[in-house]
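Below is one structure, written out as C-alpha cells; comments come after it.
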Amino acid sequence: MNQSTRVRTVVTLLLLIPLLLVRPGRPAAAQEADPFAYCAAVGTVDRPDHRWTGPPVPDAVIEGLIRAAGLPEDAPRDPLRRSTFWRCMGGHVYACFVGANLPCQEKADTRRIPRAAMWRFCRANPGADSIPAVVTGRATVYQWRCTGSRPTIVRQVDAPDARGFLKRIWYRISPK
C-alpha cells in the first residue's frame, strides 16, 4: 500500500468513526407522551417501556377506561389512577383496573388440572358449589366446584387475549 492510499484510508476512517459512534435515536413516533401514538408506534408491549415519555397512567387512559368499563362519570380519578395498568396490543391501548382483586398483571391460568390447594379445599368441603378464588387463583379462566371431594370444572368463565391476559378484565381504550 503506497503512502497516498494509506493517507486516504486513515482520513476515511477518521471521517467514519464519529458516524459509527453515534447511536441512532428511537423513532420519533415512539417518543410520545400520547398513549395512542405510543401504542401505534410500538405495536405490542405488556407494559409501557423506556420509549414511553408520559406519566405512568395518563389522563387519556383513565378517561377512556371510565367510558369503556361503564364506570360513573364522577368516579374518583385518583384511586382509579393508582390501581390502573395499561399496555399496547396490536397498536391499540388496553387498560385494566385492579378493583376487586383483579389480576391485571397476571397471565390467564388455563390449566384444567386442579392444584393441590383445590384438592385440600374439596377434601375439607366435599360437595361445595364453588371453590373460592383465594384457592383457585384469581387468574383461572374456569369456575370450579367440588364434586364430592374432587375439584371439577363447572364452566369456562373467561379466555386469554392475544397476549395471554384475562380478556374480560382488559378494556380496549379509544381516544375520545
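Coordinate-derived values only; no laboratory data. A quick note: this is a predicted structure, and the numbers were derived from the prediction, not measured. For neighbour counting, all protein chains shown are included, and Cβ atoms are generated from backbone atoms with ideal geometry for every residue, glycine included.
Between Lys167 and Thr110, the contour length at 0.36 nm per residue exceeds the Cα-Cα span by 19.3 nm. Taken about its Cα centre, segment 83-170 carries a charge dipole of roughly 260 debye when the Cβ of each Lys and Arg holds +1 and the Cβ of each Asp and Glu holds -1.
Using θ = phi - 60° in the Karplus curve 6.51 cos²θ - 1.76 cosθ + 1.60, the 3J(HN,Hα) couplings for segment 150-158 round to 10, x, 9, 7, 7, 6, 8, 10, 7 Hz; x is entered for Gly and Pro. For segment 39-147, which GluC sites (Glu not before Pro) are in a loop by DSSP, counting at most 10 other Cβ atoms within 10 Å? Of the GluC sites (Glu not before Pro), the ones in loops of segment 39-147 whose Cβ has at most 10 other Cβ atoms within 10 Å are Glu73. Computed from backbone phi, the HN-Hα couplings of segment 120-134 come to 4, 4, 5, 5, 7, 9, x, x, 4, 5, 8, 9, x, 4, 4 Hz, rounded to whole numbers (Karplus: 6.51 cos²θ - 1.76 cosθ + 1.60, θ = phi - 60°; Gly and Pro given as x).
Along segment 75-88 the Karplus relation, 6.51 cos²θ - 1.76 cosθ + 1.60 evaluated at θ = phi - 60°, assigns HN-Hα couplings of 4, x, 6, 4, x, 5, 4, 5, 10, 9, 10, 9, 7, 10 Hz to successive residues, with x for each Gly and Pro.
Loop-located trypsin sites (Lys or Arg not before Pro) across segment 37-88 with a Cβ neighbour count of 15 or fewer within 10 Å are Arg51, with loop assigned by DSSP.
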